[in-house]
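Note sheet for the following structure.
The values are calculated or read from the model by the stated rules, or taken from the named source; none is laboratory data. These numbers were taken from a predicted model, which means no experiment stands behind them. Glycine also receives a Cβ, built like all others from the backbone with ideal geometry; neighbour counts cover every protein chain displayed. Ligands, DNA and RNA are stripped out before the accessible areas are found, and what is left, the full protein with its side chains, is counted by its heavy atoms. Shrake-Rupley method; radii C 1.70, N 1.55, O 1.52, S 1.80 Å.
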Amino acid sequence: QPAAKPAKPATAPAATAPMSTGALNNGATYVGEAVCIACHQTQNKQFTHTLHADAFRKNPQNELQQKSCEACHGPGSKHLSNPLDKANRPSLVGFTKEWGTPIAVQNNQCLQCHSGGNAMHWDGSIHSRNQLSCADCHNPMAKISVTGLLKKQSINETCYTCHQQQRADFAKRSHMPLPEGKISCVDCHNPHGSTTKALVKNDSVNELCYNCHAEKRGPFLWEHAPVRDNCLTCHAPHGSNHDKLLTTARPFQCQQCHGNTNHQPTLYNAGQIVGGGANPSTRAIGRSCQNCHSQIHGSNHPAGARFQR
Amino acid sequence: RAVASPFATSATGSGTTLANKESASAAASLSSDADWPAAKHTPTGQLLKLPLAVPKPDEIKKTASGWEYSGQLEFGYLGGDADERNAQYRMYQDLDEGAYLNNFSLLLKKADGAFFNVTGGGAGHRDQYYGLNFGRTNSWGLKLFFSETPHVFTDNYKSLWSGLTTGTQLLIPGLTPGGTASTAADTAAVTTAALNAPPTTLSLTRKRAGARLDVTFSSAWKAYAGYAVEHREGARPFAAVWGNNGGTAPIEIAEPVDYDTTDITAGVSYVRDLNAFNFRWTTSLFENKIDTFTFQQPFRITPQGFTTTPAAGAYTQGRFDLYPDNQSHNARAEYTRKFPDFYKSTLTAVVSAGTMRQNDNLIPYTHLAGLTLPNVTILPGGDWNTVGSLSRPTAKGLIETRLADLTFSVNPSADLNVKLKGRFYENDNNSDPYYAVNPNAVYVDADAATAGNQTRGISYGGFTGVWGRPLNDASGSGGVLFGTNPNPTGSVEIANHVYSSKQFRFGPTADYSLTNSANLNLSAERETTQRTNRERARTWEDRYKIGLVHRALGDSTLRASYEFAQRRGSDYVTAYYENTFSAAFIPMPTAVGTNVTSWAVRNNSGVRNYELSDRDQHVANLRVDTMLRANLDVGVSVQLRESRYPGAAYGRGKESGDSANLDLNYQPSAKQNIYAFYSFQRSRIRQALITAGNNVTLGVVSPLGVITPENAATLGSQPGGPFYSLGNSWSAKNTEHNHVVGAGVKQELGKATLNVDYSYSLGRSRITYHYGIGGAINAANAVFAGYRMPDLATDISYLDASLRFPFTPRLSARLVYRNQWEAIRDWHYRNLAATPVVTNNVNNPPTITSLDGGPSAYRVNWFGVMFQIKL
């Protein structure tokens, strides 16, 4: 039988809300972190080295933060009454599968301080709709990652635990410098929500790509329509079996659209690579179409209508 | 080891890590906290990684002045194949044999929250990084950072030039700029020079430095400001071509890169009670220090149409106008208001506005003075090597972007949340249209009835002059209307395309709690996109999605979703770009027997560009995370995706991608952690085209009827017509398979710590094609063509192992071993290393001079000993 539904929490109170805990933890009251530490010394050893501990203990900004352990776990008096009884777990907010606190209650605790700002669009984000808890990515109790209080050593490893397709993409021949540690998933995506699909941080895919590829921003005298429309028309952003993160091999990549006169609709084939036959073609060799149309992202040359200068 | 975000946050900007490949490896070998209680799981059911060993609170070291401190330094020596130069290996990392300072860090903290943190790694290498971060926790922090990232493109480039990273590249001795009278001799000389040239690495390095200040004024108000400068320098593979319509003597050159990008960001956020507000400003200033790039070329280019002095060998060099300087600014405001008394509702509104602009000086078509065309008279100031031959001197590019996003969230009951979302995004290209016209030139009277030059230009778009543009340093006149050919033509480009788009999206979502641990979500939305100057003025896509999350299926969490999307649109007009071709003012001839292909054919009218085409898409996702045992979790995920393009008889017709993944994590104790994973991906793209056939000639009886001026454009572009004969049809299918397996172990062996990570990635891409012999490929060539390209194959194996021995609590030694190899076969580059100059006839300029031998296999075994010293 499914457990009876607890009442949904009210909208997340802001950090400066009065210290009313309502029905949280079955109406428990605060006991202070010294009481917590008396039993949870191991956790305290780790917690002491976290950013949360520094903020709560050394420079709290409000009454809630001063509660330290109970700022996140809620008031602990009812937990103290029978701490080992599983039936008493609703008396304390926990952030593990084993503990069983409803996701909305867990996240509400985090949103007491972390609403707005970077998490302005958490509600309604794809992560929120998939009922992810903040604790599915973060562990604010322990020193697992150096920054971000993550559940894995790095941002990328944390994301990989659910996004295995992207992990496989980054293992391909051409990829973004993510496995090498030079960028992270969060350079492009805001896991806390965005107004742009795929949690992209900018207003559009192209505006995002220009963050690192500013030279391609233009606008150019001669524009290539799909390039201006969306970089992902031609590129697979995480990784590809093809050069330059392309979605398929050139010239077939370009021939998905270009069937005009002259050479565009020609079937370039195995007989036209070097050593493949008597008539090698520049369109099948090396950079293929870009052997001639080298300014494919746009040209600022007066003669560059075909992106050749 | 990644350290504090140097510049960006999860909401804005790039630059979230300071790390490199080796620092991550070092961090993986650190000991786990043996005191940590039994492994726990995330709310989804994934094992939480055990935390790192840290000192107990009373063991934290302190100075006499009260600063808690910790720090470490890792350095040592690398041997074996650490010097490997292969581009695939060194793509984004930089290692060498010899002494190596891998990483260091120092952290000081005080009881009042003050902190000081310095970190770095990869010292002296192209992937080095450094960070300095200080301030007071929860009050303010200032970050300073510097990071380098290499990007190696090839290590197998055979350079024929000096000064590869500069804006002027000169041919090496032995090669003649502009070639000689003997193309065969030039080809031989270039071949010899290329084969004898030492392999050169083409790469660039990003060097990024900056600062960011974060201030917490109160629990309600926060602000930040950041400034970063990135310098990119190096060279990357590039290419140039010559000739009448382009296509003559393509040659691979190196594009010099010398960029500076300045990023500025500042913002403020406010959260109090029921209101939250963000404001952010970003500016990005891009400067290309090599605005134009000149290179000498070694072949005799015969000017087609243009008359030059000297007549032969004039085309000694080419010139590119590289990426122009540009600026971008964006302002964004976000506001959320909660209405707890109105069904616990929330309103979120976002507005954003930005510009992207550039106004670079344009360069003339050629450096050659005195070029003439048979049918053109140059007026004073209109020489092709001057900006007087252009319709304007600068680019005048301007795009304005606007975003408005509104979400209203309401909870009609405790179990139901409903959101109404609306979004508008506009990419408004306000660049002035550019006309390819020489306003200081006129046509010689082509009727031959009037003696002497005529002051006669063609007027269009407010300009009068000679239309079109000399191609490729004015080595070809085919782009100039009536330049050499007095016959009218409809396909000369006379103006640019200015693309703008508007996107509207709206729809509801609903999230219903089925039980305490199960949720059902539904969404529907319509996305409408309006584009200017595209084949389709308007497309709309309807998406419907259903998702289920169940968190209590025993010890499992299930997430499943299915989405169906259908895109349709307004009429698809293949020949939309007529106003940018000479057909805009040169009417199609009407005389029987006239070849009107240049008016009639813009594209196969059955082709649909896939970003505009009708599309039916299905995406299904299933993911299960389960705790098999308290110390063992399993994750299984599957995605099936299929996109069909029902309106596309040609072009991309179908695309699909499926994947399946399995993850295992076993963590029996703080002394042992084992993981393994496997991913499978399969994707397919199907496409089709028709090879160009006969010209479209008025009066000819085509398979679709007699060609007339009235139906020429229809029949000419229609599959089955004179130009696109169905017998010339071909189709291709790209099928890709990828397998990635990985496994690793972290094992405490007494006082030693062993860490091993292994992965193997296999990628195969097979392109098969079907055609009619005698149609798309003739019988003689079909023998060589077969029915598929060679497989494009990559195999990558990676093994990283380290064994750390602590000698004392402060001193450890770490033995490091790396075995990494990659086998790669890319048919684009087959045999190119041995055949850099490909020619079908030695007396003609080469088919291609491809100087990049392409990616190649490598195998490295390197080892090292690293010493870790802790404070």
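Below, the figures for the structure above:
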| read-out | value |
| --- | --- |
| Positive-end residue of A:His163, A:Gly124, A:Pro251, charge dipole of chain A with Cβ unit charges | A:Pro251 |
| With all protein chains modelled, accessible area of A:Met120 [1.4 Å, Å²] | 20 |
| Rounded accessible area of B:Asp35 (nearest 10 Å², 1.4 Å probe) | 80 |
| Accessible surface, chain B, averaged per residue in Å² (probe 1.4 Å) | 38 |
| Amide H contacts under 5 Å for B:Tyr100, placed H, 5+ residues apart | B:Gly76, B:Tyr77, B:Leu78 |
| 5 angstrom amide H check on B:Ser203, placed H, neighbours 5+ away | B:Phe153, B:Ala235 |
| Solvent-accessible area buried by A and B, counting both chains, probe 1.4 angstrom, square angstrom | 16600 |
| Rounded FRET efficiency, nearest 0.05, which uses the C-beta distance separating B:His770 from B:Val706 and R0 of 30 Å | 0.40 |
| Nearest 10 degrees, 0 to 90: helix A:103-114 Cα axis against chain A principal axis | 90 |
| Distance between modelled label sites at B:Tyr758 and B:Val745, nm, 7 Å Cα→Cβ extension | 0.9 |
| Those trypsin sites (Lys or Arg not before Pro) in region B:774-871 that DSSP places in a loop and that have at most 14 other beta carbons within 10 Å | B:Arg810 |
| Region B:467-588 pair-distance distribution - Cα-Cα, 10 Å bins, rounded % | 11, 23, 18, 15, 12, 10, 8, 3, 0 |
| Equivalent-ellipsoid semi-axes of region B:183-306, from the Cα gyration tensor, Å, largest first | 53, 17, 10 |
| 10 Å Cβ shell holding at most 13 others, DSSP loop, chymotrypsin sites (Phe, Trp or Tyr not before Pro): longest site-free stretch of chain B | B:343-786 |
| Neighbouring partner chain Cβ atoms per residue of B:147-160, average, 10 Å criterion | 1 |
| Potential extension, B:Leu799-B:Leu640 segment - 0.36 nm per residue separation minus Cα distance | 54.1 nm |
| Apportionment of accessible area to carbon and sulfur, chain A, percent (1.4 Å) | 59 |
| Convex hull volume per residue for region B:404-534, taking Cα atoms only, in Å³ | 165 |
| Positions from region B:17-33 whose accessible area shrinks by 10 Å² or more when the full protein complex is built, not the chain alone, probe 1.4 Å | B:Thr17, B:Ala19, B:Asn20, B:Lys21, B:Ala24, B:Ala27, B:Ala28, B:Asp33 |
| Reciprocal mean inverse distance between Cα atoms of the protein assembly as shown - Kirkwood radius, Å | 32.3 |
| Whole-Hz couplings from phi, Karplus 6.51/-1.76/1.60, listed for region B:612-622; x for Gly and Pro | 10, 6, 4, 8, 10, 10, 10, 9, 10, 10, 9 |
| Reduction of at least 50 Å² in accessible surface, 1.4 Å probe, comparing all protein chains with the chain by itself, residues of region B:652-681 | B:Gln681 |
| Drop in accessible area of at least 40 Å² in the complex versus isolated chain, residues of region A:135-159, 1.4 Å probe | A:Asp136, A:Lys143, A:Ile144, A:Val146, A:Thr147, A:Lys151, A:Lys152, A:Gln153 |
| Sulfur and carbon atoms: percent of accessible area, region B:542-658 [1.4 Å] | 57 |
| Residues whose placed amide H lies under 5 Å from that of B:Ser605, excluding near-sequence neighbours | B:Gln718 |
| R0 of 60 Å, Cβ-Cβ distance B:Ala211-B:Asn487: FRET efficiency to nearest 0.05 | 0.40 |
| Note, ³J(HN,Hα) from phi for region A:209-214, Karplus 6.51, -1.76, 1.60, rounded to Hz, x at Gly and Pro | 4, 5, 4, 9, 10, 4 |
| Within chain A, helix-based [θ] at 222 nm, where runs of 4 or more DSSP H residues each add -39,500 (n - 2.57), nearest 500 | -5000 deg cm²/dmol |
| Charged-residue dipole, Cβ positions (Lys, Arg, Asp, Glu), the protein assembly as shown about Cα centre, Debye nearest 20 | 2220 |
| Per-residue SASA entry for B:Lys502, accessible area with 1.4 Å probe, Å² rounded to 10 | 80 |
| Rounded to whole Hz, the Karplus (6.51, -1.76, 1.60) HN-Hα couplings of region B:553-569, x for glycine and proline | 8, x, 9, 10, 10, 10, 10, 9, 8, 9, 10, 10, 10, 10, 10, 9, x |
| Contour minus Cα-Cα distance for B:Asp83 and B:Phe342 (0.36 nm per residue) | 86.6 nm |
| Region B:286-361 - percent of accessible surface contributed by carbon and sulfur, probe 1.4 Å | 50 |
| Relative contact order computed over region B:90-224 (Cα-Cα under 8 Å; 6+ residues apart), in percent | 24 |
| Spin-label pair B:Phe867/B:Thr309, simplified geometry with 7 Å Cα→Cβ offset, distance in nm | 7.5 |
| Inter-label distance for B:Arg136 and B:Thr590, nm, one decimal - labels placed 7 Å from Cα along Cα-to-Cβ | 8.7 |
| Cα-based reach from B:Lys109 at 15 Å (exclusive), listing aspartates and glutamates while leaving out same-chain residues under 8 positions away | A:Asp54, B:Asp58, B:Glu59, B:Glu68 |
| Proximal lysines relative to A:Lys216, as straight alpha-carbon distance under 28 Å, when same-chain residues fewer than 8 apart are discounted | A:Lys172, A:Lys182, A:Lys197, A:Lys201, A:Lys244, B:Lys21, B:Lys158, B:Lys207, B:Lys289, B:Lys396, B:Lys502 |
| Cα coordinate range in chain B, projected on the principal axes (Å, largest first) | 104, 70, 57 |
| Dipole-positive endmost among B:Thr191, B:Ser765, B:Ser517 within chain B (Cβ charges, Cα centre) | B:Ser517 |
| Tilt relative to chain B, helix B:183-196 - C-alpha long axis, 0 to 90 degrees, to 10 | 10 |
| Calculated FRET value between A:Asn279 and B:Thr192, using beta carbons and R₀ = 22 Å, to 0.05 | 0.35 |
